[in-house]
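The values are calculated or read from the model by the stated rules, or taken from the named source; none is laboratory data. Here the structure is a predicted model, which means the values were calculated and not measured.
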Amino acid sequence: MKFVILLDMFFELLAKRKVSAPYFAQKYDTSVRTVYRYVDRLSMVVPVYVKTGRNGGICIPDTYKLPKFFFSKEDFAATLEALSLAYENSSDEKFLNAQRKLVAQMRTEYGNSAEEFTGFDLPLSDAISAPNKKPLA
């Protein structure tokens, strides 16, 4: 259970960059003191720190990114396929936008080798291709 909470805290910090301890305490139904214990554990592997004061909170630096190859080839393909299926079923643009952002992030981190890493084309134009190379629209 602790590992799941630590992992969830980590991803929430990556998304928001700053979160309050009371927020985490309420979310995980635990005390603020326990949240700080979790932060202490998390800070052993990730550059997490606590800012005190009015605008304080539990923070992760803006410059911190997931390590390269955090996503395996299979993880990346599965994520793109899931977003593609979600878009096909709902036609909600948020799935298409998420897919474009994920592809853009891969290009930013891996450059031209992104296509080699994933094993399929990564277009950023109108049609984002799923792993099976079928366009969405």
Matching residues, the range 40-66, being small (Gly, Ala, Ser) and over 16 Å from residue 11 (Cα atoms):
53, 56
When the range 44-80 is checked residue by residue, the ones that are at pLDDT below 85 and among the acidic types (Asp, Glu) are 74, 75
